[in-house]
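The values are calculated or read from the model by the stated rules, or taken from the named source; none is laboratory data. Only a predicted model underlies this, so the values are computations on that prediction, with no experimental measurement involved. Backbone-built Cβ (ideal geometry, glycine too); neighbour counts: all protein chains shown. Only protein heavy atoms, including side chains, enter the accessible area calculation; ligands, DNA and RNA are left aside. Shrake-Rupley method; radii C 1.70, N 1.55, O 1.52, S 1.80 Å.
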Amino acid sequence: ARLVVLLSLLGLAAGGKLLVVPVDGSHWLSLREVLDSLRQRGHDVVIVAPEVSLYIKPSKNFVMKMYPVPYTQEEMDEDFQGFTKDLFEGGSFLERVIRLYQRSKKNSALFLATCTHLLHNKELIRYLEESKFDAIFTDPILPCGQILAEHLSVPSVYFLQQMPCGLEFQATQCPNPPSYVPRVFTDHTDHMTFLQRVRNVLYDIPNFFLCDHVFQPYAKLASEFLHRDVTVPDLLRQASIWLMKIDFVLHYPKPLMPNMVLVSGVNCASQKLSQ
């Protein structure tokens, strides 16, 4: 309910016009629940998505603007299945980092091609410029939506669980102390011994190299498209609201900034959950 109230502020007297730049996979499945609620409350929802995707398909409930991409459905399916397998497969910390790094190279090339073909689609960009949106609703794990928000000069609302390498903390200048916020793959709790805290710091080091490899091409693409030098944190910190799909039941307590709002469970509204 709190999420819908926040987004309903897009249009106080009448429904607002919302541009949605989604990320495929499970990201889309939870986002779709929110979009259905917004549409029922009178908001105009326009979704921009690639013609090849896992779950984002044309719908009579929304205006869908599809654009061509340079890969096939088979290539998309293989990339997503491979990433899921690599993510949950066991192994030592070093093995997992190397495996995730190699997989991220493949996936990031596909996602970058998607973003590039969106931004270079002159006919679609012209349509978006002329549509006069009130805001952009996007998942910032891929910053293509925020690049569009900067180009169109409209506020952006993020809907996410977490960013790779803790970029949400860097972008919002939110404290993220390794003294009690566990890093990925450590298996620590928020109560650590001194040696565990040292280990927590060391485990964070590879993230800097991994994220630089994944996100630097987006910084280059954004700089070329916006005609000014920008970094990915520069883009991310422009968000008006960060709607975080986390809570402190399944996630460890951590600092939050005033524009970071917890909305965990928004996609469980239609599910019959046991006690």
Restricting things to Cα coordinates, could you compute the convex hull volume per residue of the stretch 124-275 in Å³?
142 Å³
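From the P(r) of the stretch 14-262, can you give the percent of Cα pairs sitting at distances over 35 Å?
Values: 4601 of 30876 pairs.
Percentage above 35 Å: 15.
Order these peptides, 40-53, 227-240, by their mean beta-carbon neighbour count within 10 angstrom, highest first. Let's see the in-between values first.
On the way: 40-53: 18.4, 227-240: 16.5.
My ranking of the peptides, most packed first, is 40-53, 227-240.
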Highest mean first, what order results for 141-147, 178-184, 15-21 on Cβ atoms within 10 Å?
141-147, 15-21, 178-184
Under 20 Å between C-alpha atoms, the lysine pairs in the chain lying 8 or more places apart or on different chains count 14
At 1.4 Å probe size, what's the solvent-accessible area of residue 27? Round to the nearest 10 Å².
60 Å²
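How would you classify the stretch 43-172 from its alpha-carbon gyration tensor, with a ≥ b ≥ c the square roots of the eigenvalues: rounded for a/c under 1.5, else prolate if a/b is greater than b/c, otherwise oblate? Don't skip to the end; give the middle numbers.
On the way: a/c = 2.24, a/b = 1.56, b/c = 1.43.
Prolate shape, in that a/c is at least 1.5 and a/b is the bigger ratio.
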Near the amide H of residue 52, under 5 Å away, which other amide H atoms are found, from residues 5 or more places off or on another chain, if H is placed in the peptide plane?
69
Looking at 30, 194, 137, which one has the Cα that reaches farthest to the positive end of the dipole of the stretch 14-262 (charges on Cβ: Lys, Arg +1; Asp, Glu -1)?
194
³J(HN,Hα), Karplus 6.51/-1.76/1.60, whole Hz, each residue of the stretch 129-146, x for Gly, Pro:
5, 7, 7, 6, 6, 7, 6, 10, 10, 8, 9, x, 4, 10, x, 4, x, 6
Rounded to a whole %, the carbon-and-sulfur portion of the accessible area of the chain at a 1.4 Å probe is 56 percent
accessible surface per residue for the stretch 144-229, probe 1.4 Å, DNA/RNA/ligands not counted, whole Å² -> 52 Å²
How far apart, in nm, are the 7 Å Cα→Cβ label points at residue 201 and residue 71?
3.8 nm
Rounded to the nearest 0.05, what FRET efficiency do residue 213 and residue 134 give with R0 = 51 Å and r taken as the Cβ-Cβ distance? Could you check?
0.90
Nearest 10 degrees, 0 to 90: what angle lies between the long axis of helix 26-40 and the longest principal axis of the chain (Cα atoms)?
40 degrees
The size of the Cβ-based charge dipole (Lys, Arg +1; Asp, Glu -1) of the stretch 14-262 about the Cα centre, to the nearest 20 debye, is 300 debye
